[in-house]
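*Asks:* Before I ask anything, here is the structure I am working with.
The values are calculated or read from the model by the stated rules, or taken from the named source; none is laboratory data. Keep in mind the model is a prediction, meaning the values are calculated, not measured. All Cβ positions, glycine included, derive from the backbone under ideal geometry; neighbour counts span all protein chains shown. All accessible areas refer to the heavy atoms of the entire protein, side chains included, with ligands and DNA or RNA removed. Shrake-Rupley method; radii C 1.70, N 1.55, O 1.52, S 1.80 Å.
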Amino acid sequence: MAAPTVENFEMTAALADLTNWLIQQGLEDTPVEIWLEAFCDRLVAAGIPLQRVNLAMRAHHPEIGAVAFRWHRETGSEKFDYQRSSQAPDDYLRSPLHYLVTNPIAELRQKLLDPDPTLNFPIFDELRAQGATEYYAAKRHFLSNDHARATNPDAIAEGMTISMTTDAPGGFTEDQLDGLRALLSPVCLTLKSGANRRMAQDITAAYLGQDASKRVLSGVIRRGTSETMSAVIWYFDLQGFTKLSETLPGEAIIELLNAYFAAAVEIVEKHGGNVLKFMGDGMLAIFDLDQIPDARRVAVKAAVEMRAEFDTLNAERATQKRPGTGFTLALHAGDVLYGNIGGKTRLDFTVIGPAVNTTARILGMCSAVDQTIIISSAVALPLMDSHPDLVSLGQYRLRGVTERQELFTLD
């Protein structure tokens with residue numbers, strides 16, 4: 001065997017340094033699009049003439065099915081989110097990555113200028129037009145050493161796919177590909193480290209809300225940990241849900257809940273509110289008065305928008321012959337305890353306190369006063385000068401609430 005050249009020694013040393021650097025990026029939780037660009041630039045400097053790199057993996061997110069990061073020598077790095085879908089896009093089904101994932105191979109390699117290529121995919125024409133001479137792709141499973149194992153595309157295993165192209169005459173050398181293969185494990189480790197953090201953020205945000213997610217991941221997880229906060233409390237539920245659930249099949253009920261909750265959540269979060277929990281057909285959210293000084297006005301504006309959005313949604317569903325519904329909403333303001341409550345092994349991040357109980361009692365008044373939106377004086381009175389559409393409904397005794405409450409609605 002021939003002795004390694006000085007050039008190969010230098011490349012090997014550079015790749016060893018790159019391995020340590022990659023691990024450090026994982027420890028520091030550097031965003032993928034940032035370390036990927038630096039990684040590719042370092043590979044080029046080490047003597048591996050990369051032109052384009054694409055890194056993809058499954059996402060643990062209710063709406064996003066996969067995420068990809070792409071680097072190009074001329075344009076830098078980009079990130080792409082792919083929405084969950086019951087059917088994969090045609091361009092993916094006709095791609096080399098789909099072929100790689102669904103066949104019992106760990107990698108594939110194709111010289112792009114071969115007159116009679118063994119493998120050919122539509123994207124190869126695009127890459128040839130950009131001057132690429134060779135395409136190399138590999139897959140790696142995070143939880144298995146059997147990287148050649150074929151994967152069901154509808155249940156992608158936890159892992160990554162990576163593709164690389166070069167525009168060097170003749171393509172990659174064997175030494176260059178060996179160097180790239182040696183880096184796949186540290187790339188996986190760095191990617192998995194960041195992915196686990198992102199997975200925790202996405203899952204806790206989806207199930208706890210953005211604010212509670214940040215608090216939990218920052219270490220506020222001890223049972224009984226709480227803080228007093230001043231907030232506008234938003235207590236909402238769907239009208240006629242009991243009757244709908246008795247007459248509609250389960251799939252239709254889930255579809256209806258998702259459609260109307262999606263509208264409500266989007267409006268609350270757009271205005272800076274935090275959705276804390278869903279309770280059957282109900283939803284509890286807060287607008288933090290310390291974070292949003294004008295939270296009363298913001299919450300009322302969100303209520304007006306939600307009324308209009310539900311009217312639009314109901315009209316659309318009527319044309320599709322789908323069932324629709326309305327809502328009832330109570331707004332109240334006061335101090336709440338915000339934190340962890342529950343058992344030793346199962347906690348809930350929520351709000352409690354007299355103000356929350358009062359909001360629930362106000363919501364229960366909607367049918368009695370025949371209104372869909374009821375707003376307490378704690379929210380309405382500071383807005384009277386600028387909100388002529390606020391109309392008093394009178395004072396009421398609420399069960400379990402000591403003082404009489406003046407209630408308002410929106411004209």
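*Asks:* Which ones in the range 387-398 are surrounded by 10 or more Cβ atoms within 10 Å (Cβ to Cβ) and assigned to a loop (DSSP other than H, G, I, E, B)?
*Replies:* Selection gives HIS387, ASP389, ARG397, LEU398.
*Asks:* Okay, moving on. Which residue, of GLU227, GLU246, is of a type in the set (Asp, Glu) and not in a strand (DSSP E or B)?
*Replies:* So the residue among GLU227, GLU246 that is of a type in the set (Asp, Glu) and not in a strand (DSSP E or B) is GLU246.
*Asks:* Also: Kindly evaluate VAL336 against the criterion of being open to solvent by 30 Å² or more (accessible area, probe 1.4 Å) and touching a strand residue (DSSP E or B) at 6+ places or on another chain (Cβ under 8 Å).
*Replies:* no
*Asks:* Here's another thing I want to ask about it. Any idea which residue in the range 219-247 is nearest to GLY324 (Cα to Cα), counting only those that are modelled with pLDDT of 90 or more and of a type in the set (A, V, I, L, M, F, W, C)?
*Replies:* LEU238
*Asks:* Does MET160 fit the bill of being under 19 Å from the mean Cα position of the chain (by Cα) and within 23 Å of ILE48 (Cβ to Cβ)?
*Replies:* yes
*Asks:* Among the residues of the range 207-226, is any touching a residue at least 40 places away in the same chain (Cβ under 8 Å), open to solvent by 80 Å² or more (accessible area, probe 1.4 Å) and charged (D, E, K, R)?
*Replies:* Taking every residue of the range 207-226 in turn, at least one turns out to be touching a residue at least 40 places away in the same chain (Cβ under 8 Å), open to solvent by 80 Å² or more (accessible area, probe 1.4 Å) and charged (D, E, K, R).
*Asks:* Restricting attention to the range 233-254, report how many residues are touching a residue at least 40 places away in the same chain (Cβ under 8 Å) and under 26 Å from the mean Cα position of the chain (by Cα).
*Replies:* Number of matching residues: 7.
*Asks:* Could you look through the range 129-147, keep only residues that are more than 30 Å from the chain's Cα centre (by Cα) and not aromatic (Phe, Trp, Tyr), and pick out the one that is farthest from CYS188 (Cα to Cα)?
*Replies:* So, considering only residues that are more than 30 Å from the chain's Cα centre (by Cα) and not aromatic (Phe, Trp, Tyr), the one farthest from CYS188 (Cα to Cα) is ALA129.
*Asks:* Within the range 64-75, is there a residue that is among the small types (Gly, Ala, Ser), farther than 25 Å from ASN120 by Cα and in contact with a Ser or Thr (Cβ under 9 Å, 6 or more places away or on another chain)?
*Replies:* Yes; the residues of the range 64-75 include at least one that is among the small types (Gly, Ala, Ser), farther than 25 Å from ASN120 by Cα and in contact with a Ser or Thr (Cβ under 9 Å, 6 or more places away or on another chain).
*Asks:* Next up: If you scan the range 22-36, which residues turn out to be open to solvent by 30 Å² or more (accessible area, probe 1.4 Å) and touching a Pro at 6+ places or on another chain (Cβ under 9 Å)?
*Replies:* Once the filter is applied, which keeps residues that are open to solvent by 30 Å² or more (accessible area, probe 1.4 Å) and touching a Pro at 6+ places or on another chain (Cβ under 9 Å), the range 22-36 yields only ILE23.
*Asks:* Considering only residues of the range 69-83 that are open to solvent by less than 90 Å² (accessible area, probe 1.4 Å) and touching a helix residue (DSSP H, G or I) at 6+ places or on another chain (Cβ under 6 Å), which is farthest from CYS188 (Cα to Cα)?
*Replies:* For the range 69-83, the residue satisfying everything is GLY76.
*Asks:* Can you work out which of the residues in the range 339-352 that are open to solvent by 40 Å² or more (accessible area, probe 1.4 Å) and β-branched (Val, Ile, Thr) is nearest to ARG223 (Cα to Cα)?
*Replies:* ILE341
*Asks:* Could you tell me whether the range 353-369 includes any residue that is more than 30 Å from SER218 (Cβ to Cβ), touching a helix residue (DSSP H, G or I) at 6+ places or on another chain (Cβ under 8 Å), at pLDDT below 95 and open to solvent by 40 Å² or more (accessible area, probe 1.4 Å)?
*Replies:* For the range 353-369, residues more than 30 Å from SER218 (Cβ to Cβ), touching a helix residue (DSSP H, G or I) at 6+ places or on another chain (Cβ under 8 Å), at pLDDT below 95 and open to solvent by 40 Å² or more (accessible area, probe 1.4 Å): absent.
*Asks:* Would you mention how many residues in the range 121-172 are part of a loop (DSSP other than H, G, I, E, B), basic (Lys, Arg) and buried (at least 21 other Cβ atoms within 10 Å of the Cβ)?
*Replies:* Of the residues in the range 121-172, 0 are part of a loop (DSSP other than H, G, I, E, B), basic (Lys, Arg) and buried (at least 21 other Cβ atoms within 10 Å of the Cβ).
*Asks:* Restricting attention to the range 276-288, does a residue exist that is open to solvent by 70 Å² or more (accessible area, probe 1.4 Å) and in a helix (DSSP H, G or I)?
*Replies:* no
*Asks:* Scanning for something open to solvent by less than 60 Å² (accessible area, probe 1.4 Å), farther than 30 Å from VAL268 by Cα, small (Gly, Ala, Ser) and touching a residue at least 24 places away in the same chain (Cβ under 8 Å), does the range 185-200 turn up at least one residue?
*Replies:* Yes - at least one qualifying residue is present in the range 185-200.
*Asks:* Taking strands (runs of 3 or more DSSP E) that do not extend beyond the range 1-107, which have at least 3 residues that are among the small types (Gly, Ala, Ser) and either at pLDDT below 85 or out of contact with any His (no Cβ under 7 Å at 6 or more places or on another chain) (or both)?
*Replies:* 64-72
*Asks:* Sticking with this structure for a sec: Residues in the range 306-319: is at least one surrounded by fewer than 21 Cβ atoms within 10 Å (Cβ to Cβ) and touching a His at 6+ places or on another chain (Cβ under 6 Å)?
*Replies:* No, the range 306-319 contains no residue that is surrounded by fewer than 21 Cβ atoms within 10 Å (Cβ to Cβ) and touching a His at 6+ places or on another chain (Cβ under 6 Å).
*Asks:* Let me ask something additional. Any residue that is touching a Gly at 6+ places or on another chain (Cβ under 6 Å) and either of a type outside the set (Phe, Trp, Tyr) or open to solvent by 30 Å² or more (accessible area, probe 1.4 Å) (or both) - is there at least one of those in the range 247-269?
*Replies:* no
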